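The values are calculated or read from the model by the stated rules, or taken from the named source; none is laboratory data. Small disclaimer: the values here were computed from a predicted structure and weren't measured. Glycine also receives a Cβ, built like all others from the backbone with ideal geometry; neighbour counts cover every protein chain displayed.
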Amino acid sequence: MKQLNLQMLIIDPQNDFCDPNGSLFVPGADEDMKRAGKLIKALKDKLYDIHITMDSHNIVDIAHPVYWVDQQGNEALPLNPVLNQCTIITHDDVKQGKWLPKDRSKMKWALEYTEKLELNGKIHYVSGLLIVLLEQLAGVFIQMLWNK
């Protein structure tokens, strides 16, 4: 008899999406991750593999310090959880020229982006490359569940 090739696909399980305190939390995603963990534990002897997708960002991304400069040309400070600091950029900050994209051709996009965030009750903070690494840890978490 042919052996079953059971595989699981988990799409974008980032902390920002799955943690109720995440900046882009999707309601119910935290419970989805708990159910995924239980399913992995229940099927771990039958699962051949787990595939995890994740969103990725370019080095020069609207969420990274290198994208933004202030009126004096200084880059934004990245999120630093140890020092409890980050740069928060509001739509008004961009409109008033307090923060500008280094590439001025991106100004329209920066205005649209910050406006949409605020309309949806979100803020724009400059994350830095640290957040990209933290997003990848979500995949490691799922792998840890798999190995238990």
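Among the conditions (1) at pLDDT below 90; (2) surrounded by 15 or more Cβ atoms within 10 Å (Cβ to Cβ), L130 misses just one, which is (2).
Of everything in the range 6-61 that is among the charged types (D, E, K, R) and part of a helix (DSSP H, G or I), the residue that is surrounded by the most Cβ atoms within 10 Å (Cβ to Cβ) is D16. Checking the structure you have, find out if any residue of the range 73-82 is β-branched (V, I, T) and modelled with pLDDT of 90 or more. No, the range 73-82 has no match at all.
Per the conditions (1) surrounded by fewer than 17 Cβ atoms within 10 Å (Cβ to Cβ); (2) at pLDDT below 90; (3) of a type in the set (S, T, Y); (4) not assigned by TED's automatic domain parsing to the domain that holds I11, the sole criterion not satisfied by T87 is (1). Take the residues of the range 46-72 that are of a type in the set (D, E, K, R) and under 30 Å from M33 (Cβ atoms): which is modelled with the lowest pLDDT? Ranking the candidates gives D55 first.
Here's the yes/no breakdown for (1) under 22 Å from G121 (Cα atoms); (2) out of contact with any helix residue (DSSP H, G or I) (no Cβ under 7 Å at 6 or more places or on another chain); (3) among the acidic types (D, E):
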site	(1), (2), (3)
N5	no, yes, no
P20	yes, no, no
F25	yes, no, no
D32	no, yes, yes
R35	no, yes, no
I40	no, no, no
I50	no, no, no
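Mind checking which residues of the range 98-114 are under 15 Å from I88 (Cβ atoms), assigned to a helix (DSSP H, G or I) and either at pLDDT below 90 or not small (G, A, S) (or both)? First the steps, then the outcome.
To start, the set of residues in the range 98-114 that are under 15 Å from I88 (Cβ atoms) comprises 98-99, 110, 113-114.
If we keep only those that are assigned to a helix (DSSP H, G or I) as well, we get 110, 113-114.
Passing the criteria: Y113, T114.
Among residues of the range 20-37 that are in contact (Cβ under 8 Å) with a residue 24 or more places away in the chain, those with a Cβ under 8 angstrom from a residue that is surrounded by 11 or more Cβ atoms within 10 Å (Cβ to Cβ) and hydroxyl-bearing (S, T, Y), sequence gap 6+ or separate chain, pair up as S23/Y125.
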